[in-house]
Amino acid sequence: MARYAAQRLLLMIGILLGVLTITFILSRVLPGSPVELMLGHRPTPELIEATKKELGLDQPLIIQYFTYIGEVVQGEFGKSLRTGRPVLEEVGKRIGATLELTTLAIFFVVLIGVPLGVISAVRQNSILDNGLRATTIAGMAFPAFMLAMMLQMLFYGELGWLPLQGRLDSEVLLDSTFPRHTGFFLLDTLMTGDWRAFGSAAQHIVLPALTLVIITLATVTRITRNMMVEVLSEEFIRTASAYGLPSRRIHYGYALKATLIPLLTVVGLTYGYLLGGAVVVEFVFDWPGLGGFMVFSISQNDFPAVMGTTLFLATAYLMINLVVDLLYFVVDPRLRAQ
């Protein structure tokens, strides 16, 4: 297992280097001068040249590339051209919001999607099965931005039940001084007993999390259903039924357990997708995560911020998949013997 983990870590380094290279090249060929965007309207040629020299943009592209690689290895990701602050600081301020939203979403995707998939497989080709599949696929078919705006119009515009956007009410944000230990407002407010801030954070996260759940629920539900249909036809399941074991024990204790490896793969991939796919949802709900920061950085050709954010998301995605791969050894003892 340790050898396998070491091999995967080496592979991750290679993949991250490839991502870094592609992002670096794309950020340099995008139209628009980042220096002129940073300096504002009508900068003088002298100021433009001085700024390019300060940022190292007067050097050949290959020199810029290896210089940036050396800085990244030392943990230096440069400064955002748009805000003037270190990229690592900007990412650190927003990463908690993105992880809280996506983690809550994947939790409910698994909590809802797996039982729905089991029920759909047990009642294969029934009205319930067809209805569940149609409903989840319809949710996935909606563009994320359209679904987000429809939920805003319904729950904020028509019903007035939930806030439109943001992470906390403005008055709560000004009055509450709870410590940001984890960056997860639900956990931080809960640990400090700030119930007013907790209620506000819970209300604000409902709509963006619901949007992510709806657009990804079909994937987990369908994979669970398809794997369960296959396993339920196996001989050991029919034998267990013949011995008169309770259906719930057969379905969840034996059949579902046999699907855990492919199911873990799907959950890991879905979680990684949510980290990147949450960009649109965060932008619509003005969620202060990496989404809005990345959108504005791309529009302003803020290449240090774009590269830093992309590298973080790629690292997070690869780490999630590494954890999933290591969980295979926990789920299936046969792999530990290889």
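Please treat every number below as a calculation from the coordinates, not as lab data. Note that the coordinates shown come from a computational prediction; the quantities given were computed from them, not determined experimentally. Every residue, glycine among them, receives a Cβ derived from its backbone with ideal geometry; neighbour counts consider all protein chains shown.
Comparing Cα centroids, the stretch 81-98 and the stretch 136-164 end up 28 angstrom apart.
Across the options Pro246, Ile261, Thr211, the greatest Cα extent toward the positive end of the charge dipole of the stretch 95-289 (unit charges at beta carbon of Lys, Arg, Asp, Glu) belongs to Pro246.
Taking the C-alpha atoms only, the angle from helix 260-284 to the longest principal axis of the chain is near 40 degrees. For the pair Ile15 and Asp175, a Förster radius of 41 Å applied to the C-beta separation gives a FRET efficiency near 0.35, rounded to the nearest 0.05.
Rg and Dmax over the alpha-carbon atoms of the stretch 265-338 stand at 16.2, 53 Å. With the simple model of a label 7 Å out from the Cα in the direction of the Cβ, Thr83 to Glu235 spans 6.1 nm. Take 273-279, 230-236 and order them by the average number of nearby Cβ atoms within 10 Å per residue, most first; the result is 273-279, 230-236.
How tilted is helix 290-299 with respect to the longest principal axis of the chain? Cα atoms for both, answer in degrees (0 to 90, nearest 10). Approximately 40 degrees, to the nearest 10.
With a Cα-only, solvent-free Debye model of the chain, what are the log10 I(q)/I(0) values at q = 0.07, 0.08, 0.13 Å⁻¹? The Cα Debye sum returns log10 ratios of -0.40, -0.51, -1.13. Percent of C-alpha pairs per 10 Å bin in the stretch 95-289, short distances first: 9, 30, 28, 19, 10, 3, 0. Per residue of the chain, the DSSP helices (runs of n ≥ 4 H) give a summed -39500 (n - 2.57) that works out to -24000 deg cm²/dmol at 222 nm. Between 0 and 90 degrees, the angle of helix 45-55 with respect to the longest Cα principal axis of the chain falls at about 50 degrees.
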